[in-house]
Structures are given as C-alpha cells and as structure tokens.
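Here's the structure we're looking at; comments come further down.
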C-alpha cells in the first residue's frame, strides 16, 4: 500500500534512543506510512537498532558527512513518497493516535500543515512529564510565529509534501532555528494548524550550543527582521522582541543572570504589553518549570509511575 504519510527521523549518534522513536511511529494506526531514517553520519551502532525492526516500512538513508538537522530533514523530504511529510526527532516519541488525529484535523480544515501540543520529558525525570499546553488558536499566522518557534516542529509538524516545492527546503546554513525560519516562510503563504492535544513527547536533555544559538538568531534577524521592517514595522518590533527573549533564554542556560535580565528588559521595552515571548520563555521559568517544579505533572501511558 502506498504511504499516506512519510515520517522523517533524522538521527546522529542516538542508537540508544531512536528505537523508541521508531516504535512509537510503528504503533500508529489508521494511516499507511513509511519511515525515512536519515543517518547523519553516525559513528555508533545504529545498524543494531534498525535490525530490531525486520519487515517494518523503514528505509535508512546514510550521509557520509554530518550536515546537521536541516540537511538531514531535506534528504528525507526528497525521498518521501507520501502525500504528507511528518517529522520526529530521534530522541522524541509520538503518542498513540497522533498521525490519525492530526491528519483528520488538517484535512477537515483544508490546511497545508500543522503542529500539536506536546509533553516535555526532562533528562532528570524519566517517567513523569509536563504537559506543554500552548493555548494557541486552531490556526496560526505570521503574527504568531514572529514571537518564536514554540510548537516543537521537530516532533509535531506535519505538512503536505507538495508545499515543500512551494516554500523551499529548510535552510542548511542554520544549525539552530532552521524550523523557526521555515515556519515564518510557510506562514507568509499558509495558516499553520494547531491541534490543542498533546500527541508527542519531547525530550529536553542537553543545553543548546551557545554559538549555534547566537549565529541562528543573527541570521534570523538579518533575513526576517529586515524584511519585516520594510513590510510591517509592528511585526518587526514583535520579532525583535522574540529574538531578544531567545537571547535571554540562552543567557539563562549559561547562568548569566545579568545578560538574561538585560535581554528580557530589551524585549519588554520593544513590546511592553502582550509580549507573547515573555509568556512562553520567562514566565514558565518564574514558575519553576525549568527544573520541574511548580507545575502539574502527568504520567504518559506505559510509564512506570
């Protein structure tokens, strides 16, 4: 049977984790699918993990040289046969029914792509997870995406395959924020569906590399900031506020409180009222969410307790 959905899983040295991701895809029902596992020049024993799934609709595509997430996803998209392309990071999982529910939501609304709510699993708490309820409308536009990329597209995004020819591939120049860049390009032409059900679980384990974050933000500001400044100055201010809040988050990760506070103040100076970036980045940390405190916890199906 021809696949309806092509699932792209980029992987680099995560042979110990990607098997769980693959199994969560194989546990999906109601939607014919194929899995395109893009090995981005791993040096661990990925073949042993793949061997655990004999007969699965699984194709492994190997890169000789590591190119990063954008390059790996572009490779998977180029090989996709399904009418839809969905993404799953190698250390994340889907919950049962994710594909079926999301596909029904997108087709019923005639949308070209969309994301879902998700759970967060932090490195120090393997069983319990936090629900990430984004409280967005059912359809997002560029006005929403200028604030930041908070929809975890690496684990929740599903897009019609033909749209990639229209929008273009992920930009391989980004080692971080390639998803934010692409979704801003996407929402210039299409609304992004937002299914308000947590249907994926995203693992937060390693801190982002500071150089990659700062280079990605600079590239975003240079491209989208200048474009928005010419087209829509109000959106440009919101975008600059969102970028400043991402810089604040990086400083927070680096334990540089003065730099974090300065960037928060810069963001609020640009947009003092209804600053969505503040709500998504800073407010959860003020509630203790960054270290697992102060928020309700849930247990995923199949977790021990």
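Just so it is clear, none of the values below were taken in a lab; they were calculated from the coordinates. Bear in mind the structure is a predicted one, so any value in this text is a computation, not a measurement. Cβ coordinates were reconstructed from backbone atoms using ideal geometry, including for glycine residues, and neighbour counts include every protein chain displayed.
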Starting from the Cα of residue 226, step 7 Å along the direction of its Cβ; do the same at residue 138; then give the gap between the two resulting points in nm. 4.0 nm
Pairing the Cα long axis of helix 233-253 with the longest principal axis of the chain, what angle in degrees results, from 0 to 90 and rounded to the nearest 10? 70 degrees
Could you tell me the relative contact order of region 151-236? Use alpha-carbon pairs under 8 Å, at least six residues apart, and round to a whole percent. 31 percent
Find the all-direction average of the projected area of the Cα convex hull for the chain, expressing the result in square nanometres with one decimal place. 15.5 nm²
Hey, what did the chain get for relative contact order, percent, Cα under 8 Å, at least 6 apart? 19 percent
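Can you give the extra length, in nm with one decimal, that the chain gains between residue 273 and residue 44 once fully stretched, where that is 0.36 nm per residue apart less the Cα-Cα distance?
On the way: separation 229, 0.36 × 229 = 82.44 nm, distance 4.87 nm.
Extra length from residue 273 to residue 44 when fully extended: 77.6 nm.
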Take each of the peptides 9-18, 45-54, average the number of other beta-carbon atoms within 10 Å over its residues, and list them starting from the highest. 9-18, 45-54
Sort 153-164, 136-147 by packing, meaning the average of other beta carbons within 10 Å per residue, with the highest value first. 153-164, 136-147
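Cβ neighbours within 10 Å, averaged per peptide: list 167-177, 30-40 in order, most packed at the top. Intermediate values should be presented prior to the final figure.
Values: 167-177: 17.9, 30-40: 20.6.
Result, highest mean first: 30-40, 167-177.
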Calculate for the chain the 222 nm mean residue ellipticity that helices alone would give, adding -39,500 (n - 2.57) per DSSP H run of length 4 or more and normalising by residue count, nearest 500 deg cm²/dmol. -10500 deg cm²/dmol
Roughly how many Å is it from the Cα centre of region 45-98 to that of region 218-252, as a whole number? 32 Å
Please give the contour-minus-distance gain from residue 161 to residue 266: 0.36 nm per residue of separation, less the Cα-Cα distance, rounded to one decimal in nm. 33.9 nm
Using only the Cα atoms, what convex hull volume per residue in Å³ does region 1-100 have? 86 Å³
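Only Cα pairs under 8 Å and at least 6 apart count here; give the relative contact order of region 4-97 as a rounded whole percent.
Reported as a whole number, the value is 49 percent.
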Just the number, please: percent antiparallel of the DSSP beta bridges in region 1-144, rounded to the nearest 5. 15 percent
Rank these for me by crowding, 254, 117, going from fewest to most other beta carbons within 10 Å. 254, 117
At each listed q (0.17, 0.18, 0.19, 0.20 Å⁻¹), what is the log10 of I(q)/I(0) that the Debye formula gives for region 210-291 modelled as equal alpha-carbon point scatterers? -0.66, -0.74, -0.81, -0.89
